[in-house]
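*Asks:* Dumping the structure here so I can ask a few things about it.
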Amino acid sequence: MAEKPADPSPVRIIGSRELHQNLPAILRELERPDVRYVLTVHGKPRAVLVGAEPFLDLIHRREGSSEALVGLQLSALLGGELNAIPLDALERAVDPKSK
């Protein structure tokens, strides 16, 4: 993996080759809530990688039903308790018309 700069930024830019070569280490780093990776292909940004828990935190703040459903599914995959999910998020996941 490339050397870390003196001023550690939570956002790191990596190429697809580096991602492939260092995937286990990158996945371990993504467990930290402040770490983000910008994945580039031929120097152009293609995706942003965040850990599962930080992603879940992001989508719980969104209003859309699809985000609520993804959040519910991800919570279940992470072994989360349904009673820890806000009621309005559950309502949005099952009824897209509720706000």
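The values are calculated or read from the model by the stated rules, or taken from the named source; none is laboratory data. From a predicted model like this one, the values you see are computed outputs, not experimental measurements. FYI the Cβ positions are ideal-geometry reconstructions off the backbone, even for glycines, and counts take in every protein chain you see. Just the protein is used for accessible areas: all its heavy atoms, side chains included, with ligands, DNA and RNA removed. Shrake-Rupley method; radii C 1.70, N 1.55, O 1.52, S 1.80 Å.
*Asks:* Just name the residue that is modelled with the highest pLDDT out of those in segment 7-17 that are assigned to a loop (DSSP other than H, G, I, E, B) and open to solvent by 80 Å² or more (accessible area, probe 1.4 Å).
*Replies:* Step by step, filter segment 7-17, then rank; the result is PRO8.
*Asks:* Would you point out the residue of segment 75-99, among those that are under 27 Å from ALA25 (Cβ atoms) and either of a type in the set (Gly, Ala, Ser) or surrounded by 16 or more Cβ atoms within 10 Å (Cβ to Cβ) (or both), that is modelled with the lowest pLDDT?
*Replies:* Only one residue tops the list, namely GLY80.
*Asks:* In segment 37-58, how many are within 24 Å of GLY71 (Cβ to Cβ) and open to solvent by less than 60 Å² (accessible area, probe 1.4 Å)?
*Replies:* Matching residues across segment 37-58 total 10.
*Asks:* Taking HIS20 as the residue in question, decide whether it is under 28 Å from SER75 (Cα atoms) and open to solvent by 100 Å² or more (accessible area, probe 1.4 Å).
*Replies:* Yes.
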